[in-house]
Amino acid sequence: MRTSPFDLSGRRALVTGSTRGIGAGIAEGLARAGAHVAVHGRDELGVKAAVNQLRNALADDGIEALVDSVVFDVTDAESMLSAVARLEQDLGGIDILVNNAGIQHRSALVDFPLHAWQEVLSANLTSCFLLARQLAPGMIIRGRGKIINICSVQNRLVRGSTSAYAAAKAGLGALGQVMCAEWAAAGIQINGLAPGYIDTDLNTALKQNPEMVDWIKSRTPAGRWGTPQDLAGPAVWLASAASDFVNGQVVFVDGGMTAVI
Ligand SMILES: NC(=O)c1ccc[n+]([C@@H]2O[C@H](COP(=O)([O-])OP(=O)(O)OC[C@H]3O[C@@H](n4cnc5c(N)ncnc54)[C@H](OP(=O)(O)O)[C@@H]3O)[C@@H](O)[C@H]2O)c1
């Protein structure tokens, strides 16, 4: 029996892009809540290192969690879908999908290269459609499932130079609503988490500009950049029974950035 609505024991989770950054923070949060987590990235060595790091962090706190790994490139549909089919079979199903892997490309719209546009759309949007389409049938058979799409403050407020990223994230928010329309009655909850500015490798270029770093702090009511751990609690909530009547939403985890002008 579950003593807490946030308990994820017995639940199997795939968090894409969980070798570092926000995905690693979410994977750790889900594992601490009891889930059996599959850590994912493109590179076998990087995934192994992330799995060890996660196991050690949990062991330090006396938590025995099941941690698996899976390696694929989210822009290579064929290898992604076959790797995920194998993972689903090995784990006996996947109850929680966190569509987190993503990339950024910054360039003025008039100069934006088509190949970069396609790569951003493929990594940040098409892969989420493909993974959800692959895993939803099993969730429908079991009568339960959680899909968490990692969106962005750019679902609501955009900046110049991020056209492909902003379009992909807005598309992901809308895609989540369609998934809700089609799958909610089958017991699946699909929601977006929209992080504000989080201190990860994705923002390396921004962090090299001290004025930008300060502007983000001043533009965020909380007065600081976010950390990957800031996403863990909201992800556990959206992955757990505590959010069973929350569906088709995008929840902003941004220190208040989108609440103020
Ligand atoms: N950081 C922010 O401020 C922020 C704000 C809003 C939204 N987000 C979103 O949050 C998500 C995670 O961002 P992050 O800041 O944590 O990024 P990050 O630190 O750069 O980490 C990206 C993760 O995605 C994986 N990845 C990237 N491209 C991939 C591909 N083609 N195939 C497989 N895996 C791939 C990376 O794996 P490898 O180790 O194999 O490279 C890594 O695990 C993204 O969707 C991003 O758009 C971030």
Lysine pairs in the chain with Cα atoms under 27 Å, if 8 or more residues apart or on separate chains: 5
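Near F112, within a Cβ-to-Cβ distance under 12 Å, what is the net charge of the other residues, with Lys and Arg +1 and Asp and Glu -1? Please report the intermediate quantities before stating the final value.
Numbers: positive: R106; negative: D111, E119.
Neighbour charge sum, excluding F112 itself: -1.
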query: According to a simple spin-label model (label point 7 Å from Cα along Cα-to-Cβ), what is the distance in nm between E119 and F6?
result: 3.8 nm
- prompt: If you place +1 on the Cβ of every Lys and Arg and -1 on the Cβ of every Asp and Glu, how big does the dipole about the Cα centre of the chain come out, in debye to the nearest 20?
  reply: 480 debye
task: List the DSSP H helices in the chain whose Cα atoms stretch 27 Å or more along the helix axis and whose mean Kyte-Doolittle hydropathy is at least 0.5.
output: 163-183
field: Gain upon complete extension [S79, A222; 0.36 nm per residue less C-alpha separation]
entry: 47.4 nm
message: Given points 7 Å out from each Cα along the Cα-Cβ axis, report the A57 to V178 separation in nanometres with one decimal.
response: 3.4 nm
- prompt: What GluC sites (Glu not before Pro) in segment 1-83 are in a loop by DSSP, with at most 10 other Cβ atoms within 10 Å of the Cβ?
  reply: E64
task: Mind computing the radius of gyration and Dmax over the alpha-carbon atoms of segment 83-212? Å is fine for both.
output: 16.3, 52
field: Calculated FRET value between E64 and A108, using beta carbons and R₀ = 45 Å, to 0.05
entry: 0.35
query: P(r) of segment 2-108 in 5 Å steps, Cα pairs, percent per bin?
result: 2, 13, 24, 24, 19, 10, 5, 2, 1, 0, 0
query: Quick one: with all protein chains in place, what share of the accessible area of the chain is carbon or sulfur, to the nearest percent (1.4 Å probe)?
result: 54 percent
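Leaving out ligands and nucleic acids, and using a 1.4 Å probe, what accessible area per residue does the chain come to in Å²? Let's see the in-between values first.
On the way: 12110 Å² over 261 residues.
Ligands and nucleic acids excluded, the figure is 46 Å² per residue.
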task: Rounded to whole Å and ordered largest first, report the semi-axes of the equivalent ellipsoid of segment 12-250 derived from its Cα gyration tensor (root of 5λ).
output: 27, 21, 18
query: Between D43 and F245, what is the label-to-label distance in nm when each label sits 7 Å out along the Cα-to-Cβ direction?
result: 4.7 nm
task: Give me the distance between the Cα centres of segment 190-208 and segment 120-135, rounded to whole Å.
output: 19 Å
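The values are calculated or read from the model by the stated rules, or taken from the named source; none is laboratory data. Please read these numbers as outputs of a predicted model, since none were measured by experiment. All Cβ positions, glycine included, derive from the backbone under ideal geometry; neighbour counts span all protein chains shown. What goes into the accessible areas is simple: the full protein's heavy atoms, side chains included, and nothing from ligands, DNA or RNA. Shrake-Rupley method; radii C 1.70, N 1.55, O 1.52, S 1.80 Å.
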